1. With charges set only on the Cβ (+1 for Lys and Arg, -1 for Asp and Glu), what does the dipole of the range 46-160 come to about its Cα centre, in debye to the nearest 20?
2. Starting from a Cα-only point model with no solvent, please compute log10 I(q)/I(0) by Debye for the range 87-148 at q = 0.16 1/Å.
3. For Cα pairs less than 8 Å apart in space and 6+ apart in sequence, what is the mean separation divided by the residue count of the range 1-124, i.e. the relative contact order in percent?
4. Take the Cα coordinates of the chain, assign each an equal point scatterer, and use the Debye formula without solvent to give log10 I(q)/I(0) at q = 0.09, 0.10 Å⁻¹.
5. Before rounding to the nearest 500, sum -39500 (n - 2.57) across all DSSP H runs of length at least 4 in the chain and divide by the residue total; then give [θ] at 222 nm in deg cm²/dmol.
6. Place a +1 charge on the Cβ of each Lys and Arg in the range 13-79 and a -1 charge on the Cβ of each Asp and Glu, then give the dipole magnitude about the Cα centre in debye, rounded to the nearest 20.
7. Angle check, please: helix 3-40 long axis (alpha carbons) against the longest principal axis of the chain (alpha carbons), in degrees 0 to 90, nearest 10.
8. Counting only DSSP beta bridges with both residues in the chain, tell me the antiparallel percent, nearest 5.
Amino acid sequence: MDAARTAAGADTAAAAEKEQKKLDKRFMKAALTQARKALEKGEVPIGCVIVYEGRIIGRGYNRRNTDRSTLSHAEINAIRKASRVIGDWRLEGCTLYCTLEPCQMCAGAIVQARIDRVVIGALSPKAGCGGTLLNILQNPDFNHQAAVTDGVMFEECSALLKEFFRNLRLENKRRKMMLKEADAEADTEDV
Ligand SMILES: [Zn+2]
């Protein structure tokens, strides 16, 4: 290959990479919209979308408390919907976007569904199975491995989670103080 052709090839590759980054951001924004739906329900704000041929075919958000089900994670809910649209449990050719690194259950489901690629927002130091604690998504011993891109819109994804947990801590503190005050009042009434 001559130098000009090599340069043209590199240009095309760079343009394709730039376009992919733009698309990744667009779909991560859609996953963040799902995460905000979880937040509105008082759930840990985690969202997910699944994309096939440039189109979102499944959306999901964390509904663990709402559904009273440990299975109701964002990714599982999105996988269920995408499978309904495709009409198959195999989701080959799909990319999954999640605002937080998948847990062991979701990473397992992603491998089982044979999803091609996973795009992650924030990493999960307590449950991440896309490389943080374990790398279930890319274990060479399984019959399928997904390509992984992380850190897409990392700030937005982690800020949403941080805000949720900060508010939760404040709310718990407020509740504790109210209980303490009620206790003190009851004590004085006793006397
Ligand atoms: Zn999960």
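1. Details: 12 positive and 11 negative charges, 100 e Å.
Here the range 46-160 has a charge dipole of around 480 debye.
2. With no solvent term, the Cα-only Debye profile gives -0.42.
3. Working: 213 pairs, mean separation 25.1, N = 124.
The value is 20 percent.
4. -0.41, -0.48
5. Details: 5 runs with 101 residues, N = 191.
After summing the helix terms and dividing by residue count, I get -18000 deg cm²/dmol.
6. Values: 14 positive and 8 negative charges, 46 e Å.
The calculated dipole for the range 13-79 is roughly 220 debye.
7. 20 degrees
8. Values: 12 of 20 bridges.
Antiparallel bridges: around 60 percent, rounded to the nearest 5.
A short reminder: the numbers here are calculations on the coordinates, not readings from a lab. No experiment lies behind these values; they were computed from the predicted model shown. Glycine also receives a Cβ, built like all others from the backbone with ideal geometry; neighbour counts cover every protein chain displayed.
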